Structure formats: structure tokens, C-alpha cells
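K.L.:
Here it is: the structure, laid out below.
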Amino acid sequence: MTFPGFPDAAPLDGFLGGLMIGLAAAIMLLGLGRIAGVSGLASRAMLIERGGAPWPVAILFVAGLVLGAILFGAAEPIEAVFPPHWGWLVAGGLFVGYGTRLGSGCTSGHGVCGMSRLSPRSLVATGVFMASGIATVALVNALGYGW
Amino acid sequence: MMRAFLALVSGAIFGAGLALSGMMNPARVRGFLDLFGDWDPTLAFVMGGAMLVMAVAWIVQRRMAAPAAGSDFHLPGTALVDARLIGGAVLFGIGWGLAGLCPGPAIASLGTALAPAAIFVAAMLAGMGLFKLTDR
């Protein structure tokens, strides 16, 4: 299924995948009483963060993320085009790691969980990181380094 | 045991959902942020689907005294909008735009595209560690 005017978009797969992500976050919330925020759980799983979710919950959620992608990938190839140079990955990773801890969340915690809760914090954070990401891509493209 | 099972299942459904939605493709995520260029709206549909389910979950949550497999809800506050929140979101957005990766897809990709995912995740963990070390 395509989206009018955007031949490369995958709206149906996106929506169905989104429902699964929502279901996963709902299991975390209603089953374990916690936010399915990947940056926080990853930080906890790697023992960078001492507080928050119990360590087994964090490490098993992170392991599940990898497992779920592997299982999906075994059934259907996962299309993925990464940045053309590892420098993008290092710079991006450093900003994402530092920024998500300073701002207490990423696309999952603030975006999916917080916005659906109508949390003012998360609405602001999501608006800001989307605007910042859009500005970054526009700047990279303007400098001629788009990929 | 039940809690461990739910955590693993939640992660696995999350990871499979990321894969199905196309969000494990950094070029597609970058395409969503390329609003002034060759814009790809897919991420908005992902967000819409996820928020639809979670909006119902939040309604159910308000009627529950405790989570199904736990004694208490551990939920962050929602009101405080301060410089840390905004500064953190700005920095996260820069990294997201540079690499086309946020934490969920990056970690999920460790199982399917090890080399680039490992470089990003190692840098991300270093960034998290750096924050932890310098946070007063």
C-alpha cells in the first residue's frame, strides 16, 4: 500500500508495526507498571543507571528487542540503509546517548508513551527533538553531505 | 518469573514492530526528518499506530490499582518542563538526524546489522556514561 504523493512511504506496514510497538508498551505499562522507554531501559541494562526498572526487567526487554528483530528478519528481509561513513554513527550515537539521558527519554518514552499520556513534558520533548532532527537533516543536506 | 517473561515478550514485540514498520532502516527514519527535501511520512503512521494502542492502555491504567504483575506503577512526572528536558531533546534530535537512528532501532539492529549497529550503540552508551559522569 502506498500513500498518495509519497511512492516510497510504507503507511500500512508502518501503522501495523506501530500497533505492535504500542502493544509492547502496553504490556510494559499494564503488566509491569513501567514506561517502555528504550533509552532508560538500555542505560539501566548496562548498569549506567542505578535507579529505575529492576535490572532483570531492563536486560530482558533489551534482549527481547534484539530477539524480536532477529525473528522478524528470519521470516522477511529487513531493509536497512545505514550512513555512508562510520563517523555519522559515532557522532550520532554520542549525541543520542547524552541527549536522551539529559532529557530523560527518546522516541519511545517521550514519543509513544508520554504523548499518548498527554504529558506536557513529553509533548514538549517530542516537538523539540523532532524539530532539532529536522533542522539537523536540513543543515547536513545544505552542506552537501546528505545521504 | 511472570515479570521476566513479560519484559522479554514486550521487548520482542517491540523489536518485531520496529522491523515491520521500517523504522530499522536509518534512511527511512532520516527521510521522515527530511521535511524540506524528499519527505517520507512513514514514521508518522508508526507513531499513530503506537499511540492509538497506548492511549487505550492509559485509560485502562487509570482504572487499575496495580499492574498485573507488580505491586505499584512507577511512572515519571509529567509537568516539569525545564532546560534539561529541552536541552536533552535538542541534543537527541541532532544525533537522530545525523545517524537516522534512535535507541530502539539501534539496539534491535544489533541482531540484524551488527557492525553499524554496534558502532552506534557503543557511542550511545559512551554518551550515556559521559552524562552520568558529568551530571552533578
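The values are calculated or read from the model by the stated rules, or taken from the named source; none is laboratory data. Because the structure is a prediction, the values reported are computed rather than measured. Virtual Cβ from ideal backbone geometry, glycine too; neighbours counted across all protein chains shown. Accessible surface areas use protein heavy atoms only, side chains included; no ligands, DNA or RNA. Shrake-Rupley method; radii C 1.70, N 1.55, O 1.52, S 1.80 Å.
K.L.:
Which ³J(HN,Hα) values in Hz, rounded to whole numbers, follow from the phi angles of the stretch B:79-85 under the Karplus curve 6.51 cos²θ - 1.76 cosθ + 1.60, where θ = phi - 60° and Gly and Pro get x?
P.N.:
8, 5, 10, 10, 5, 5, 4
K.L.:
Suppose a student asked you for the relative contact order of the stretch A:53-146, using Cα pairs under 8 Å spaced at least 6 residues apart; what percent would you report?
P.N.:
Reported as a whole number, the value is 12 percent.
K.L.:
Specify the angular offset, from 0 to 90 degrees and rounded to the nearest 10, of the alpha carbon long axis of helix B:114-134 from the longest principal axis of the alpha carbons in chain B.
P.N.:
70 degrees
K.L.:
Whenever you get a sec, compute what percent of the accessible area on the stretch B:1-92 sits on carbon and sulfur atoms (1.4 Å probe).
P.N.:
Heavy-atom surface of the stretch B:1-92 belonging to carbon and sulfur, 1.4 Å probe: 70 percent.
K.L.:
Heavy atoms only, 1.4 Å probe, whole protein assembly: order A:21, A:35 by accessible area, highest first.
P.N.:
I get A:35, A:21, largest accessible area first.
K.L.:
Place the peptides B:82-88, B:61-67 in order of packing, highest mean first, counting for every residue the other Cβ atoms within 10 Å and averaging per peptide.
P.N.:
Top to bottom by mean Cβ count within 10 Å: B:82-88, B:61-67.
K.L.:
A further question on this structure: Once you wrap a convex hull around the alpha carbon atoms of the stretch B:2-134, what is its projected area averaged over all directions, in nm²?
P.N.:
Projected over every direction and averaged, the Cα hull of the stretch B:2-134 covers 10.4 nm².
K.L.:
Can you show me the helix-derived [θ] at 222 nm for chain B, built from DSSP H runs with n ≥ 4 at -39,500 (n - 2.57) apiece and divided by the number of residues, rounded to the nearest 500.
P.N.:
-22500 deg cm²/dmol
K.L.:
For the stretch A:1-61 and the stretch A:82-110, what is the separation of their C-alpha centers, rounded to whole Å?
P.N.:
One Cα centre to the other: 16 Å.
K.L.:
If you don't mind, there's one more thing I want to ask. Residues with beta-carbon under 15 Å from that of residue B:131, excluding residue B:131: net charge, scoring Lys, Arg +1 and Asp, Glu -1?
P.N.:
The answer is +4.
K.L.:
In Å², nearest 100, what accessible area do chains A and B bury in total when the solvent probe is 1.4 Å?
P.N.:
The A and B chains share an interface burying roughly 9400 Å².
K.L.:
Could you please put A:95, B:32 in sequence from largest to smallest accessible area, using a 1.4 Å probe?
P.N.:
A:95, B:32
K.L.:
How many Å² of accessible area per residue for the protein assembly as shown, probe 1.4 Å?
P.N.:
Ligands and nucleic acids excluded, the result is 41 Å² per residue.
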